[in-house]
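K.L.:
Right, I'll just put the structure down here and ask away after.
Values in this text are rule-based calculations from the coordinates and carry no lab data. Model, not experiment: these values are computed from the prediction. All Cβ positions, glycine included, derive from the backbone under ideal geometry; neighbour counts span all protein chains shown.
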Amino acid sequence: MPAYDEDTGTTGAGASATTGTETIRPFRIEIEDSALEDLRDRLARTRWPADAPGEGWAYGIPVAEVRRLAEYWRDGYDWRAHEARLNGFPQSVTEIDGTDVHFLHVRSPEPDALPLVLTHGWPGSFAEFADMIGPLSDPRAHGGDPADAFHVVVPSIPGYAFSGPTRDRGWSSRRIAAAWDELMRRLGYDRYGAHGGDAGSLVGRQLGLLKPKGLVGTHVLQLFSFPSGAPGEMESLTAEDHARLAVLADFQEKAGFSAIQSTRPQTLAYALTDSPVGQLAWNELLLGMGAPNGLTDDQILTHVTLYWLTGTAGSAARQYYEDAHDPEPIAGPNTAPTGVAVFAGDFLSIRPFAERDNTDILQWSEYDRGGHFAAMEVPDVLTEDIRGFFRRLR
């Protein structure tokens, strides 16, 4: 299957560069020094709120934790080092359905590699997969089986980071899934798999619902299936299932960001675009919302910096609004081959409801370590789970 060549601007051997809206443009991250100086200046002039009563996270992220990270962001965090690492992956931008899509595209040296599109979530970014791209694309060089190789494509969701703000309404997970199918076709791939977490799980399932001709299967970190209110549906649930519902209820009690982004994302955008500390605090999900996770300060701040430098906090938040107001949702269930990896520190998918909404779950894995950002917390575990799922679909 031919693939786009970032260096020559062609698709396949001897092909001409595409024209019009199908043009694929090479991209490189080059943030001006003045933008970094402005960020440090704003951090130094932060107007801090008073501490909330008591201790801990009951009212939200504590001032002491935000101060600690903000000070490191201003005086210790090295954006240029992370920029250089991300620029080590070939990057491009193309216009799909009226909006720009930025993406990484790393072809495997293995000729029979399976194309794989990886979708990040909120408040993450394409940088979530930096530690997995090498092992997925070149397992031979990382102690793995070359038969498990993938050609790896990592887009930035429209509205996020270097894809830039969307230009029109309606960029729901369904529309993003359709754009990914077009992106893979444009790159010359007629068969491909998909993986995603958080918002990427929603996009992955939407790909399954769309079931485009080239999709061989979709692997996700979460299957967001909940009680429907049908008579008797709770009667067969196990004690473990009820424990998982309790985890969901606890998260819903804290997830004010979801309600706001689903209803008033533009109102939120002003504060996040004007205050880097506001942006940092709003992305508290990266800090586990009070529960420990495996992310380093540098991983957290790389995502926050990407939102800040690209001014995309508001446009990224709009994905929640668009999903909540999608006028043409696809009726389920999802019948595409599906795999799910459930990590102990994450939303715990509830199997009876997941199997109701996804009728071809070929792999269900449970892990006692890792959490919501498994691609960064336990990239080795997630990489192997993805490999295992797609072995049967190659």
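K.L.:
Along the Cα→Cβ direction, 7 angstrom out, place labels at His142 and Asp360. What is the inter-label distance in nm?
P.N.:
Going from the His142 label point to the Asp360 one covers 2.7 nm.
K.L.:
Please work out the Cα center distance from segment 16-89 to segment 211-229, rounded to the nearest Å.
P.N.:
Computed from Cα coordinates, the inter-centre distance equals 32 Å.
K.L.:
Within segment 27-59, which GluC sites (Glu not before Pro) sit in a loop by DSSP and count at most 13 neighbouring Cβ atoms inside 10 Å?
P.N.:
Listed in order of number, the matching sites are Glu30, Glu32, Glu55.
K.L.:
What are the ³J(HN,Hα) values, in whole Hz, obtained from phi via the Karplus relation 6.51 cos²θ - 1.76 cosθ + 1.60 with θ = phi - 60°, for each residue of segment 148-154 in sequence order, with x given for Gly and Pro?
P.N.:
For segment 148-154, the Karplus curve yields 8, 6, 10, 7, 9, 10, 10 Hz.
K.L.:
In terms of modelled amide H atoms, which long-range or inter-chain residues lie less than 5 Å from the amide H of Thr119?
P.N.:
Close amide H contacts, sequence-distant or interchain: His195, Gly196, Gly197.
K.L.:
For every helix of n ≥ 4 consecutive DSSP H residues, a contribution of -39,500 (n - 2.57) applies; sum these over the chain, divide by its total residues, and give [θ] at 222 nm rounded to the nearest 500 deg cm²/dmol.
P.N.:
Helix contribution divided over all residues of the chain: -11500 deg cm²/dmol.
K.L.:
Return the distance in nm (one decimal) between the two label points of a simple spin-label model at Leu36 and Leu393, each offset 7 Å from Cα along Cα→Cβ.
P.N.:
4.0
K.L.:
Another question about this same structure. Between segment 236-293 and segment 100-125, what's the alpha-carbon centroid distance in Å?
P.N.:
With segment 236-293 and segment 100-125 each reduced to a Cα centre, they are spaced 26 Å.
K.L.:
Taking loop as defined by DSSP and a crowding limit of 11 other beta carbons within 10 Å, which trypsin sites (Lys or Arg not before Pro) in segment 172-237 fit?
P.N.:
Hits after loop and neighbour filter: Lys213.
K.L.:
Measuring from a point 7 Å past the Cα of Asp298 along Cα-to-C-beta, which residues in segment 65-97 have an amide N at less than 12 Å?
P.N.:
77-86
K.L.:
Separate question: Please report the Cα spread of segment 4-391 along all three principal axes, rounded to whole Å, starting with the longest.
P.N.:
62, 60, 45
K.L.:
Applying 1/(1 + (r/R0)^6) with R0 = 56 Å to the Cβ-Cβ distance of Glu65 and Asp168, what FRET efficiency is obtained, to the nearest 0.05?
P.N.:
0.90
K.L.:
Please compute the modelled spin-label separation between Asp250 and Glu95, points set 7 Å along Cα→Cβ, answer in nm with one decimal.
P.N.:
Taking the two extended label points, one gets 4.8 nm.
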